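Below is one structure; the comments refer to it alone.
The values are calculated or read from the model by the stated rules, or taken from the named source; none is laboratory data. In this text the structure is predicted, and so the values were computed from the model without any measurement. Note that each Cβ is placed from the backbone with ideal geometry, even for glycine, and that neighbours are counted across all protein chains shown. To get the accessible areas, we keep the full protein, side chains included, count just its heavy atoms, and leave off ligands, DNA and RNA. Shrake-Rupley method; radii C 1.70, N 1.55, O 1.52, S 1.80 Å.
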Amino acid sequence: MKRGKKEEDAAADGDNDTGSASAKKTKKAKEPEAPIMYDDPPDKMTSKDGREANMKITSWNVDGLRAWVKKKGLDWVREEAPDVLCLQETKCAEKSLPADITSMPEYPHKYWSASDEKEGYSGVAMLCKTEPLKVTYGIGNEEHDKEGRVITAEFPNFFLVTAYVPNSGRGLVRLDYRKTWDVDFRAYLSELDMQKPLVLCGDLNVAHQEIDLKNPKGNKKNAGFTPEEREGFGQLLESGFVDSFRELYPEQANAYTFWTYMMNSRGKNVGWRLDYFVLSSSLLPGLCDSKIRNKALGSDHCPITLHIAV
């Protein structure tokens, strides 16, 4: 399903990005435009209210954990050294996890959730340096919890939720399901937020605004940029949550976290911002920085990192 989306997206992106062959023939003298890349600026380690960051969280859709480990993804993780590492689309049952990651001494507390019904599909993980007070799986709804999409960890001052939000699929075959998910997931997060503030991270499978993808015009009927999905994300923000990257970088274009493998999309920076740190608004004063680590390879997504004082 995800592959289908990417093919569809790539076609739309390609049409918008490269122009027609006949147009190229008539404009031989015109050089192709150089891609506009995003440079991740130096990390800010102090919050608006003057506190030093004391929690570093990294989130990465690895597009298959075993392949990502073989591509040396863990070397980058060790260099980044977050307090908590959240992974999505692990596509790996617990019994098949590579020893390279299960034996990592840096993260003695590891939590895995895989799809019940389909081996090699979906799946999320959370690796922690310090043990959470409590860890739960799913959102308490049987319809949604069989695909291994959510892990929630409770820490003294906040909840951390990592999620791999369902893709609406090629031809939008799962859009109705996705709309139901959005409503139920928002209710779950709002309920948590009443107990203590939360950080939500992961592949949320939506580019919220036109600035969040390279080719908005060609993708309005494609998974990840339909009006319904964008509205669902908007309703989440209206419920008392904040998109941390946009909060800090409201006008920053060309900052993406996903590029289809096709058509050299990453080299041309024809991408989408699908991966987020969403915070309870009460955590905003402690927000230090929200990073897009777009130089890190190993998946069709890049990792993102949050620095926060909690």
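With all protein chains kept in place, the per residue accessible area of the chain amounts to 44 square angstrom at a probe of 1.4 angstrom. Shown for the stretch 37-105: the carbon plus sulfur share of the solvent-accessible area, taken with all protein chains present and a 1.4 angstrom probe, equals 51%.
From the Kirkwood radius over Cα pairs of the stretch 224-270, Stokes-Einstein at 37 °C and 0.692 mPa s returns a whole-number translational diffusion coefficient of 257 µm²/s. The charge dipole of the stretch 198-310, taken about the Cα centre with unit charges on the Cβ atoms of Lys, Arg (+1) and Asp, Glu (-1), comes to about 520 debye, rounded to the nearest 20. Under 5 Å between amide hydrogens, built in the peptide plane, is the criterion, and for Met45 it picks out nothing among residues at least 5 positions away or on other chains. Rounded to the nearest 20 debye, the dipole magnitude of the chain is 1160 debye, with +1 charges on Lys and Arg beta carbons, -1 on Asp and Glu beta carbons, and the Cα centre as origin. Exposed loop sites are taken as GluC sites (Glu not before Pro) in a DSSP loop (any state but H, G, I, E or B) with at most 16 other beta carbon atoms within 10 Å; the longest stretch of the chain without one runs 120-250.
Projected label points at Leu133 and Glu106, each 7 Å from Cα along the beta carbon direction, are separated by 2.8 nanometres.
For the chain, the relative contact order works out to 25 percent when only alpha carbon pairs closer than 8 Å and six or more residues apart are counted. Once the Cα atoms are used to define both axes, helix 2-18 deviates from the longest principal axis of the chain by about 40 degrees. Solvent-accessible area of the stretch 143-249 (1.4 angstrom probe, protein heavy atoms only): carbon and sulfur portion equals 49 percent. Projecting the Cα positions of Leu192, Ser281, Pro105 onto the charge dipole of the chain (unit charges on Cβ atoms of Lys, Arg, Asp and Glu, taken about the Cα centre) puts Pro105 furthest along the positive direction. Rounding to the nearest 10 and keeping the result within 0 to 90°, find how far the Cα-based axis of helix 227-238 lies from the longest principal axis of the chain. For helix 227-238, the angle is close to 40 degrees.
Please determine, in degrees from 0 to 90 and to the nearest 10, the orientation of helix 175-195 with respect to the longest principal axis defined by the Cα atoms of the chain, where the helix direction is its Cα long axis. Tilt relative to the chain: about 40 degrees.
Divided by 2.2 N^0.38 Å, where N counts the residues, the Cα radius of gyration of the stretch 258-310 comes to 1.38. Listed values for the stretch 135-144 are Karplus-derived 3J(HN,Hα) couplings in whole Hz (6.51 cos²θ - 1.76 cosθ + 1.60, θ = phi - 60°), namely 10, 10, 10, x, 10, x, 9, 4, 4, 9, and x replaces Gly and Pro.
With n ≥ 4 as the cut-off for DSSP H runs, can you work out [θ] at 222 nm for the chain, using -39500 (n - 2.57) per run divided by the number of residues, rounded to the nearest 500? After summing the helix terms and dividing by residue count, I get -7500 deg cm²/dmol. Separation of the alpha carbons by more than 21 angstrom is noted, of Lys70/Lys118; Lys44/Lys291; Lys217/Lys295; Lys56/Lys110, for Lys70/Lys118; Lys217/Lys295.
Close amide-amide hydrogen proximity is noted between Asp116 and Glu147, Gly148, each under 5 Å apart and 5 or more residues distant or on a separate chain (H modeled in the peptide plane; Pro and chain starts excluded).
All C-alpha to C-alpha distances of the chain, sorted into 10 Å bins beginning at zero, yield P(r) values of 6, 28, 37, 22, 5, 2, 0 percent in whole numbers.
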